[in-house]
Each structure stands twice: as structure tokens, then as C-alpha cells.
Amino acid sequence: MKTLEQKLTSQRPHKPNKLMYRILAVIFGIISKKNNVHYLYDLDVKQFKDKPVILLAQHASRNDFIYVTYGMRKTRFNIVVGYHNFFSKYVFTLLRMVGAIPKKLYAPDLGAVLNIKHVVKNGGSVLLFPEGIQSTSGSNHPVNPATIKLLKSCKLPVVLCRSEGAYKSRPRYKKDCCKGKMTYRYTMLFDEKQLQESTEEQLYDKLMESFSYNEFQHNDVEFKGKYPHSYGLDKILYICPKCKSEFTLVTHDNGIRCTHCHNDVLIDSHYRLHGDGDSVVPSDIDSWYKWQRSVVQQQVKEEHFALEGQFEYQVLDKYKLRSPAEQTVGEGKVMLNKEGLHYFGTVNGEKVEQHYDITNIPSLPFTPGQSFDLYYGNECVCFKAKSRPLEVVKWMICSEELHNLTDPKWKKVSDDAYQVKK
């Protein structure tokens, strides 16, 4: 009996089912109109109706795949999708029907590259979110320079889709959808001649210049949702900007307050931050988040730096689609230090010790306030916090900065994303 992974890898992706794509386009159009999405074009997208193209898109919102594909609905795209999504009970068949391409996050994935090239070779078009995951704080994550190698090898025109307001509509730390104007703009990033004649470094610099974003540069649009904009913010912000204490921040109806020094930061319907009296108030949510990263950069340099916690050990079922896709098969202690990630616990009733080298962990993709994932070789493991679930954001940031200590090239890529002033 074939495993689900073997089913995914045993055949190359086909062109999306035409009827299914049309049905989805109608549904996506209704959703886009309902959520006040506006489309702007600096090129004629109709030219790609019967011509293959690579579409790169920012990933500020959980719903980006809906809005981005609808904006170029005359072109049927094979979308590159996170590997774990294919194991969900209700979406596996749909993803296969639309020719989605599975990709393991923050891990070398030759299969995904071969699938993309297969689509291109057969005259298809590909939609790729080069960040891999949704924005954590309203600005871009690193883009792997290997993306440029892939684009050059495909030899197709590259269109870029930029968004504005998308993160504020569905922030990473909230589950509800806020209503406010969103804009998706399509521009030509590279034509075939530019890809052929420019160096990889030149192309990467242009990509980052065009791709980088900060959602809080523009706060003139009001967003309204079921819950206050502060709801869940303590899942990504954990250091008080005034007293520097960690995990003492709690949210309330209008903002987020430190229980140690009582610093209170208020958030209005435009996502602007305010304070009263002697409150220390960062310029915006993204600046606050990046300041936390600067604190972590110093912490991980300490000689005996380590994080420890109790986690459930979850894996994807190899044979059966489930909802949720991740199933608990053990629990134990997890440690993160300069050597890597270490698990001491049980798996299927047996005691195990597992060690993952930090040089192979550029990040630990996380679900705010819940868990983080590890893609390592052919493994996909989810560690769900048994206690202190708000701390998983620190585990993610620490994993990235520990990795950067061992990988100067990736550190530069990370700095391009997190330290650039936009």
C-alpha cells in the first residue's frame, strides 16, 4: 500500500482541472468582492492567458492564494503549497485536482523543484510565494537566493504581485477576518531577456527591492473585525518595550499591557499604536517585533544559551488523511541550543532521543500560541507546547538567530529581510 507521500511523488503535477478552476474563480471572486479587494495592473495580464508565466506574490495574508489567483484568473496556475497541507482530510483531493505542488518549508526539496520544472516544460504557469510562510509581523520574511536560480532555469517572464492591507485584514496572530480596503497590484518583474543577461546577484537585489514590504507604512485605512486588533497580539510580542521583561504582556480590549511595569500600549482601528503618560510605545507592531529579534541576537551569543520546554510530539499520518493533519504520538522535553534542537521523550510508547543539527534549521515555522514545525530531511514533525504556548514565537526567533551564527550567507539573507528600512 502506497503512503500518502508516495502518492504525492509518484506522479508529476498536471495542468489544473479547467472546470474546477472556473468554479474556484467564481467563488474567489465572491470572496474578493465581499472583502473589499481592489486590483491594479501595470501590465496587460490577458497576454498570459495562453502563455506560461511565473507569478511571485507576497504572503501577508492567510487568504493570499484566493486574491492573487483571482487577479489573474484567466491563467491557470499550479500553486506551490506547504507540504503539510496535503495531509488534511478535506483538501487533499482539491489540491490534487488543481495541480498544486507540495513544498517542505525551510528545507531543501528537490521534488518541488522538479515538479515546477515539469510544469514549465509542459507549457504551464506557476504561482510561488517565495517567503514560504505568512508574514509574522506585517513585513516580509527572507527569500532564499536559490529562487533566482530557479527563475533563470525556467526562462519565463516573471510577474510580481504586491499587496497593501492584506496583513491587517488577516494578521498572523488573529483568526478572524477584519474588513478594510485591500489592494493587489501586478507588475512585470523580469522578462526573459533580463533573466538571461543579468547576474544572479543583480536579479536578487531587484527582487528584494521590489518585494520587500511593511504593512504599517500606510495606516490611512480603517479595519474592523469581530475582535479588537490587540486580540492575540501577545502570541507574537513577548518583550515589554519599557522594562524588558519577557512574557508579562497581556492583551485587553484596547491594547496590550505589561503586568510587571504596567506599560500600556493602545491600538486603534488603523493599527496605530498609542500610549498614555510615560508609556514606552514602539512606532508600530513590526518595529516592536524586530526589536525583539535584536534582543534575541544578543541572547543567543551567551555561552550557555538554551531553551527548554515540554511538548507533544506530533507527526503526519503516512496512510490516512486526518483533520487535523498532525497526530500526537508522544511527548517529552525539547531543548534548543547552539548545537541544535533535541527531543527527549516518547514516540509510539518507546523512549527516544532525537537530535537535529542547527546548521540544517534556518527556521522553525510556527503556529502562534500553539506549536512549531520541523522539516528535516524526509521528516515533518510538529512540537505542540504542553505548557507556556505563548513562548513558541521565541523558539522560532531563537532558532533563526542560532542558525545565523553558523551560516553567514543565510545571515545576510535574513538581514536583507529583517533589518532593511522600508
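Of the residues making up the stretch 19-40, those that are farther than 16 Å from ARG62 by Cβ, open to solvent by less than 70 Å² (accessible area, probe 1.4 Å) and in a helix (DSSP H, G or I) are MET20, TYR21, LEU24, ALA25, GLY29. Only a single criterion out of (1) surrounded by 14 or more Cβ atoms within 10 Å (Cβ to Cβ); (2) within 17 Å of LYS394 (Cα to Cα) is not satisfied by SER294, namely (1).
Listed here are the residues, each with its yes/no results for (1) closer than 30 Å to VAL91 by Cα; (2) crowded, with 21+ Cβ neighbours inside 10 Å.
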| residue | (1), (2) |
| --- | --- |
| GLN298 | no, no |
| VAL329 | yes, no |
| MET335 | no, no |
| GLY340 | no, no |
| TYR343 | no, yes |
| THR367 | yes, no |
| PRO389 | yes, no |
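Selection within the stretch 28-58: residues that are out of contact with any Ser or Thr (no Cβ under 7 Å at 6 or more places or on another chain) and among the polar types (S, T, N, Q). The member of this set that is nearest to LYS18 (Cα to Cα) is GLN47.
For the condition open to solvent by 40 Å² or more (accessible area, probe 1.4 Å), farther than 27 Å from THR3 by Cα and touching a Cys at 6+ places or on another chain (Cβ under 8 Å), CYS243 qualifies. If only residues of the stretch 246-281 that are among the polar types (S, T, N, Q) and either open to solvent by 40 Å² or more (accessible area, probe 1.4 Å) or in contact with a Gly (Cβ under 7 Å, 6 or more places away or on another chain) (or both) are counted, the one that is modelled with the lowest pLDDT is ASN254. All conditions but one from (1) in a loop (DSSP other than H, G, I, E, B); (2) modelled with pLDDT under 95 apply to LEU364; the one that does not is (2). Within the stretch 307-324, the residues that satisfy the criterion of being open to solvent by less than 50 Å² (accessible area, probe 1.4 Å) and not polar (S, T, N, Q) are LEU307, GLY309, PHE311, GLU312, TYR313, VAL315, LEU316, ASP317, LEU321. Note on the stretch 83-104: residues that are out of contact with any helix residue (DSSP H, G or I) (no Cβ under 7 Å at 6 or more places or on another chain), among the hydrophobic types (A, V, I, L, M, F, W, C) and either at pLDDT 90 or above or not in a helix (DSSP H, G or I) (or both) amount to 1.
The single residue among LYS15, LYS46 that is closer than 19 Å to LEU189 by Cα, among the charged types (D, E, K, R) and open to solvent by 90 Å² or more (accessible area, probe 1.4 Å) turns out to be LYS46.
For THR187, the conditions (1) open to solvent by less than 10 Å² (accessible area, probe 1.4 Å); (2) within 22 Å of GLY29 (Cα to Cα) are fulfilled apart from (1).
Would a scan of the stretch 69-82 turn up a residue that is assigned to a helix (DSSP H, G or I) and either touching a helix residue (DSSP H, G or I) at 6+ places or on another chain (Cβ under 6 Å) or open to solvent by 20 Å² or more (accessible area, probe 1.4 Å) (or both)? Full working, then the answer.
Applying the first criterion (assigned to a helix (DSSP H, G or I)) to the stretch 69-82 yields 69-71.
Cutting the leftovers down to either touching a helix residue (DSSP H, G or I) at 6+ places or on another chain (Cβ under 6 Å) or open to solvent by 20 Å² or more (accessible area, probe 1.4 Å) (or both) gives us 70.
Within the stretch 69-82, one or more residues are assigned to a helix (DSSP H, G or I) and either touching a helix residue (DSSP H, G or I) at 6+ places or on another chain (Cβ under 6 Å) or open to solvent by 20 Å² or more (accessible area, probe 1.4 Å) (or both).
Scanning the stretch 107-123 for residues that are touching a strand residue (DSSP E or B) at 6+ places or on another chain (Cβ under 7 Å) and modelled with pLDDT under 90, which turns out surrounded by the fewest Cβ atoms within 10 Å (Cβ to Cβ)? For the stretch 107-123, the residue satisfying everything is ASP109.
The values are calculated or read from the model by the stated rules, or taken from the named source; none is laboratory data. The shown structure was predicted, so the numbers you read here are calculated from the model rather than taken from an experiment. In this analysis, Cβ positions are derived from the backbone assuming ideal geometry, glycine residues included, and neighbour counts consider all displayed protein chains. These area figures cover heavy atoms from the full protein model, side chains too; ligands, DNA and RNA do not enter into them. Shrake-Rupley method; radii C 1.70, N 1.55, O 1.52, S 1.80 Å.
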